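First the structure, in the form of C-alpha cells, and then the observations on it.
The values are calculated or read from the model by the stated rules, or taken from the named source; none is laboratory data. Note that the coordinates shown come from a computational prediction; the quantities given were computed from them, not determined experimentally. Note: ideal-geometry Cβ built from the backbone for every residue, glycine included; neighbour counts use all protein chains shown. When the accessible area is computed, the model is the full protein with side chains, heavy atoms only, and any ligands, DNA or RNA have been set aside. Shrake-Rupley method; radii C 1.70, N 1.55, O 1.52, S 1.80 Å.
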Amino acid sequence: MELREIGEFGLINRIRKSMAASDPDLIQGIGDDVAVVDLGNKVLLVTTDILIEGIHFDRSWIDPHRLGKKALAVNLSDIAAMGGTPRYFLISLGLPKNLPLSFISSFYRGLKEGAKRFHVALIGGDTSLSQKIVINICLLGEGKKGELLFRKGARIGNDLFVSGTLGDAALGLKILQKEGPRGRATGLIGKHLSPCPRIELGHAISGHRLATAMIDVSDGLLIDTTHLLEESGVGARIWEDRIPLSGLYRKWIHAYSKEPHEIALTGGEDYELLFTAPPEIKERISSLARSLKIPITRIGEILPKKQGLHIIKKDGKVYSPSRLGFEHFR
Ligand code: ADP
Ligand code: MG
C-alpha cells in the first residue's frame, strides 16, 4: 500500500492512534491546530508548519521578504485559531549552496517584520544543506486554560461563522500560475503571497467567550469544516450563497471556474477563522465584527453527526461534496 491511498489525513490519523500520548499535563496532543500543555498558571501552545520549494512556493513568484513573512504567518494562524498569544519561534532551514546571501538577508528582514508586527521573538533553529529550500517554523505561544478554543467544542444547534472572505488566496494562486507574478488582479495574488493571520480576532473571540469551537481555514473551507466536525462528533449544513466572496473574487472567478463557489469552498490558504457559537450570541458576534472592522458571516449550522456535511445551493438543492480541498499525497 502506498501513501497516496491513505492521503495526508489518513496518515496523521494512523500516527495519532499509534503514538497516542497520555501525559497528565498534556491538554491537547495531535488533532488540533496546536498542542496544548498545562504549565499550572498558564498553558503552553506549540505548533509547527513547513514550507517546501516547489510544493508550497516557487522562487519565481514570491520574493524572499514576503516568503519570510508568510512562513511566520502560517504558524501564527494556528495560534490565532486557539485564541492564544504567540511568543517565541524557532526556524529550521534547508538551503541549496548556490543560494545568494542577499536572498537569506531579505528573507530574515521579512521574518523580522512579521515578528515585530505580532510581538514574537526568534529564539533558535537549525540549518542544513538541501537541494531545495525547506522552511520549518516551530512557534510557541501561551493562553488561558478556560479561554482556549479547540476544534472539538461544536454543539448541535450552534451557528457556523467565518471571518473575512474565502477563495481569494486560491484564486490568486491560479492567476499567478497562469499569468505570473505581474499578472492582473494583484489584490488576489497578494492574498496568496502575503496572508495575514487573524491574531487579534482570535484573541477577541476567545477572550469574550464568543465561540464553542474554532479552526483556521488553511486547507480549504470544506476540509477544515470537516476537521472541526470530526473532532466535535457533529455534522453541518452550509448555505452556498452565504459564503463571503470579495469583489475581486467575483470579478475574476468566471475566467477560472464554471462553478462560482468552487474555489471558495475548496481552495486553501485564506487563513480566516471558522468557528461555532450558540445562536443567542449572534448579536455579540456582529458587534465584535463591527468594532474590529472584520466581516464575520454566518454560513451554516451544526447538525447531528449522522447528517454529515452538506451544502445547500441557492435553488434549495442539497449536495454532499465529494472533493473537499487540498490534501498532500492525494
Ligand atoms: P494545521 O492545518 O492546522 O496545521 P494539520 O492538518 O497540519 O493542522 O495537522 C493536524 C494535526 O496533526 C496537528 O495536531 C498536527 O500537529 C498533527 N500532525 C501533522 N503531521 C504530523 C506528523 N507527521 N506527526 C505527528 N503529528 C502530526
Ligand atoms: Mg490550523
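One residue stands out in region 207-235 among those that are among the hydroxyl-bearing types (Ser, Thr, Tyr) and within 17 Å of the chain's Cα centre (by Cα): the one that is nearest to ligand 2 (Cβ to nearest atom), namely 218. Against the conditions (1) at positive phi; (2) open to solvent by 60 Å² or more (accessible area, probe 1.4 Å); (3) not charged (D, E, K, R), residue 83 satisfies every one except (2).
Look at residue 301 and say whether it is among the charged types (D, E, K, R) and either without any contact (Cβ under 8 Å) to a residue 12 or more places away in the chain or within 19 Å of residue 231 (Cα to Cα) (or both). So residue 301 fits the description; yes.
The set of residues from region 112-155 being part of a helix (DSSP H, G or I) and either in contact (Cβ under 8 Å) with a residue 12 or more places away in the chain or surrounded by 15 or more Cβ atoms within 10 Å (Cβ to Cβ) (or both) comprises 112, 113, 114, 115, 117, 151, 152, 153. A single entry from 265, 228 fulfils the requirement of being within 16 Å of ligand 1 (Cβ to nearest atom) and open to solvent by less than 10 Å² (accessible area, probe 1.4 Å): 228.
For residues that are closer than 15 Å to residue 135 by Cα and within 16 Å of ligand 2 (Cβ to nearest atom), tally how many sit in region 59-88.
Residues that pass the stated criteria total 7.
The residues in region 42-96 that are in a helix (DSSP H, G or I) and among the hydrophobic types (A, V, I, L, M, F, W, C) can be counted, and the count is 8.
Could you check, for region 169-180, whether at least one of its residues is in a loop (DSSP other than H, G, I, E, B) and open to solvent by 50 Å² or more (accessible area, probe 1.4 Å)?
Scanning region 169-180 turns up no residue that is in a loop (DSSP other than H, G, I, E, B) and open to solvent by 50 Å² or more (accessible area, probe 1.4 Å).
Considering region 90-111, and only residues there that are touching a Gly at 6+ places or on another chain (Cβ under 8 Å) and of a type outside the set (A, V, I, L, M, F, W, C), the residue that is most open to solvent (accessible area, probe 1.4 Å) turns out to be 109.
Residues in region 26-47 that are open to solvent by 80 Å² or more (accessible area, probe 1.4 Å), touching a residue at least 12 places away in the same chain (Cβ under 8 Å) and of a type outside the set (Lys, Arg): 2 in all. Taking the conditions (1) at pLDDT 95 or above; (2) more than 19 Å from residue 73 (Cα to Cα) in turn, residue 214 satisfies each one other than (2).
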